[in-house]
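See below for the structure under consideration.
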Amino acid sequence: MSGMDGTIEVSLWRGKADGRYQAYTVPLRENQTVLDVVTWVQRHADPTLSYRFACRVGMCGSCAMTVNGRPRWTCRTHASRVIENGRIEIGPLANLPVIKDLACDMQAFFDKWEKAKGVFAPSKTRHDPIEQIAPASAQRLAADAAIECINCGVCYAACDTVRWNEDYLGPAALNRAWTLVNDVRDAANSARLGAVAANGGCHACHSHQSCQQHCPMALNPAASIAGLKRRTVQAYIRGEL
Ligand code: SF4
Ligand code: SF4
Ligand code: FES
């Protein structure tokens, strides 16, 4: 699983898109996460290493990186699970521009949430009574199924359609749109269905499920996108789009 001498050989991406991997030797520790490995390098080997994290408990979604070729949340990935022949290779997330080292620019990712109308549009004001939504109602359950997204970008980095089509909104933004389509309190569904039915929207998805295979929250954006495909076709047939 690891180096015989109690160390891990770690290759970290350094620089921008034209950078390169650089090797470090990191002490092996019990229950060490991949984020712990990166932090050790920054604290003990090179303080100029750039990377991003906040909560360290799988809630903020900021620590995602490419680990041995696969996008992962690093704070909840134990090094022992991913070490291959005593080595780990860690790079920035794919499909996003590299700012420096392990930090990538998430702007396009969040811009696409806005483009998919991933922001809740209230149908009531603060002066209206609070709307009661039955926890077991079909729409509440449908919204719940996709709601726990932490915006980590792992699915976006895993999606081949994002790689080949820069206009594609991507699994996270479309998953968010589907959550809101099922939110009976939201008032923007007509504009939202129009946004996700346009070029680069849900119909560009090839349904190969990489997003679902990699999502650390065990969400299934491909199923949400299938829901959007059905709903937008229905809206089109009814003349609503
Ligand atoms: S199912 Fe769709 S969104 Fe998910 S990885 Fe494949 S193309 Fe991307
Ligand atoms: S759907 Fe999953 S993988 Fe994609 S951003 Fe949300 S939590 Fe991360
Ligand atoms: S640091 Fe917040 S999810 Fe990993």
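The values are calculated or read from the model by the stated rules, or taken from the named source; none is laboratory data. Bear in mind that the values here come from a model prediction, so they are computed numbers and not experimental data. All Cβ positions, even for glycine, are placed from backbone atoms using ideal geometry, and neighbour counts span all protein chains on display.
Brief remarks on what is shown
- Subset of the range 89-142 that is basic (Lys, Arg) and exposed (fewer than 12 other Cβ atoms within 10 Å of the Cβ) - its residue that is nearest to the chain's Cα centre (by Cα): Lys124
- Options Arg81, Arg52, Arg43, Arg20: the member that is in contact (Cβ under 8 Å) with a residue 40 or more places away in the chain, charged (D, E, K, R) and at negative phi: Arg52
- Scope the range 1-28; condition in a strand (DSSP E or B) and either over 24 Å from Asn95 (Cα atoms) or modelled with pLDDT under 95 (or both); matching residues: Thr7, Ile8, Glu9, Tyr24, Thr25, Val26, Pro27
- Candidate set from the range 141-166 (those that are free of Cβ contacts under 8 Å to residues at least 24 places away in the same chain and within 26 Å of Val184 (Cβ to Cβ)); member that is farthest from ligand 2 (Cβ to nearest atom): Leu141
- Note on the range 160-177: among residues that are of a type in the set (A, V, I, L, M, F, W, C) and under 18 Å from Leu219 (Cβ atoms), the one that is surrounded by the fewest Cβ atoms within 10 Å (Cβ to Cβ) is Val162.
- Ala226 in a helix (DSSP H, G or I), touching a residue at least 40 places away in the same chain (Cβ under 8 Å), farther than 17 Å from Ala94 by Cβ and among the small types (Gly, Ala, Ser): no
- If you check Ser123, Ser190, Ser137 for being small (Gly, Ala, Ser) and either under 21 Å from Arg72 (Cβ atoms) or in contact with a strand residue (DSSP E or B) (Cβ under 7 Å, 6 or more places away or on another chain) (or both), only one passes: Ser123.
Listed here are the residues, each with its yes/no results for (1) among the hydroxyl-bearing types (Ser, Thr, Tyr); (2) under 14 Å from Ser210 (Cβ atoms); (3) not in a helix (DSSP H, G or I).
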{"site": "Ile150", "(1), (2), (3)": "no, no, yes"}
{"site": "Val162", "(1), (2), (3)": "no, yes, no"}
{"site": "Glu166", "(1), (2), (3)": "no, no, yes"}
{"site": "Trp178", "(1), (2), (3)": "no, no, no"}
{"site": "Val184", "(1), (2), (3)": "no, no, yes"}
{"site": "Ala191", "(1), (2), (3)": "no, no, no"}
{"site": "Gly194", "(1), (2), (3)": "no, no, no"}
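- Enumerated helices (runs of 4 or more DSSP H) restricted to the range 29-138, each holding at least 1 residues that are charged (D, E, K, R), closer than 23 Å to Leu169 by Cα and in contact with a helix residue (DSSP H, G or I) (Cβ under 7 Å, 6 or more places away or on another chain): 107-115
- Single match in Arg176, Arg163 (criterion: of a type in the set (Lys, Arg) and either over 15 Å from the mean Cα position of the chain (by Cα) or closer than 22 Å to Met59 by Cβ (or both)): Arg176
- Condition broken by Leu49, with the remaining ones in (1) buried (at least 21 other Cβ atoms within 10 Å of the Cβ); (2) over 24 Å from Cys211 (Cβ atoms) satisfied: (1)
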